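These notes concern the structure reproduced below.
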Amino acid sequence: MSSALLLVTELPVGERVDEALAAWRDRPTAPGSVLYRGLEAPTLLELTPLDGLDALAGLDEQWNRQAKELAELVVGDVRRQVLRFVEAPKPAPVGAALPDTPYVQLRHVEVKPRVHEEYLDWRDGTIFDVVRTTEQVETFLAYHSLLSTEPGVMFVSGFSCDPEEYLPAFSSERYGEIARYAHARFVTEEGLYTRLYRRVTEGA
C-alpha cells in the first residue's frame with residue numbers, strides 16, 4: 001500500500017555520475033528508499049516513502065553529512081520535495097509503497113487552483129483511462145505537492161519494458177487530444193515536465 005507521503009530527492013551530478021552514485025550508496029538510507037539514475041540527464045533520484053512529517057526529523061543529520069561528502073561531485077544543490085498521496089490508478093504491488101519496476105517516470109503538472117477539483121474528476125476518465133488500459137504501465141501513483149518549490153500534481157509511473165516501448169502510450173493521437181484539452185483548461189504556463197529514470201540495483 002502506498003505511504004501517506006513521498007520524499008523525492010534529486011541531485012544533479014554532471015559527468016561524475018558514477019562517483020556520486022558510489023558515494024550515495026555508501027551511506028545509510030531511510031527504510032524503503034529506492035535509488036534511480038536519470039536516463040535523460042546526469043542526475044540521481046531517491047524516492048522515500050514516509051508515514052508522516054515526523055519522519056523527516058530523523059533525516060536531518062544524514063542530509064548534512066551527505067551534502068559534505070558529495071560536495072565535490074555535484075554540479076548543483078539537492079532538490080527535495082514532499083508529496084502527499086492522492087490515489088493509485090494502478091497500485092504498487094501488495095506490501096510495497098513504490099513501484100518494483102526497473103524504470104520509473106515522473107510526470108509533473110501544475111494545475112490552476114480554481115479548476116483543481118474539476119481536474120481531479122476529469123483525469124479519471126481520460127489520463128487514468130489510458131493508464132489502466134496500457135499494459136506497459138505496471139504502477140501509476142498520483143500525488144500532490146505538500147512541501148515543494150514545484151507545486152502541483154506528480155505521477156510516479158513504473159514500467160519494465162524498454163522506454164521506447166513505454167513512451168508511445170503518451171504520444172498517441174488520443175493522448176495528444178487529452179493533453180491539448182488539459183493545457184487549455186487546467187494547466188498553468190509553467191511546471192510541466194516528464195523525466196525517466198532507471199532503478200539502481202546491486203552491482204549496477
For the range 65-71, just list the computed ³J(HN,Hα) in residue order, Karplus coefficients 6.51, -1.76 and 1.60, θ = phi - 60°, integers in Hz, with x standing in for Gly and Pro. 5, 5, 4, 5, 5, 9, 3
Highest GNM mean-square fluctuation among K90, K68, K112, for the chain with Cα springs under 10 Å, belongs to K68
Sulfur and carbon atoms: percent of accessible area, the range 116-158 [1.4 Å]: 49
Dimensions in Å of the range 1-102 - Rg and Dmax from alpha carbons: 14.1, 41
Comparing A92, A71, A142 in a Gaussian network model of the chain (Cα, 10 Å), the one with the largest mean-square fluctuation is A71
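Which is the longest run of the chain containing none of the GluC sites (Glu not before Pro) found in DSSP loop states (not H, G, I, E, B) with at most 13 other C-beta atoms within 10 Å?
It works out to 73-134.
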Using only alpha carbon pairs under 8 Å that are at least six residues apart, calculate the relative contact order of the chain and give it in whole percent. 28
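Keeping every protein chain in place, order V104, V74 by accessible area at 1.4 Å, biggest value first, i.e. largest first. Walk me through the numbers before you get to the answer.
Details: V104 0, V74 35 Å².
I get V74, V104, largest accessible area first.
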The range 116-204 shape via C-alpha gyration tensor axes, a/c threshold 1.5: oblate
Which whole-Hz ³J(HN,Hα) couplings does the range 49-60 yield from phi under the Karplus relation 6.51 cos²θ - 1.76 cosθ + 1.60, θ = phi - 60°, glycine and proline marked x? x, 10, 7, x, 5, 4, 5, 5, 4, x, 9, 4
Structure-derived Kirkwood radius over Cα pairs in Å - corresponding label in [x] 18.2; [y] 23.5; [z] 17.8: [z]
Which of L192, L39, L53 ends up with the largest GNM mean-square fluctuation for the chain, with Cα atoms connected below 10 Å? L53
Expressed as an acute angle from 0 to 90° and rounded to the nearest 10, what is the orientation of the C-alpha long axis of helix 173-185 relative to the principal long axis of the chain? 90
With a 1.4 Å probe and all protein chains left in place, how much accessible area per residue does the range 23-171 have, in Å²? 49
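The values are calculated or read from the model by the stated rules, or taken from the named source; none is laboratory data. Since this is a predicted model, take the numbers as computed values, not measurements. Glycine gets a Cβ as well: all are built from the backbone with ideal geometry, and neighbour counts include every protein chain shown. Keep in mind that these areas ignore ligands, DNA and RNA; they rest on the heavy atoms of the full protein, side chains included. Shrake-Rupley method; radii C 1.70, N 1.55, O 1.52, S 1.80 Å.
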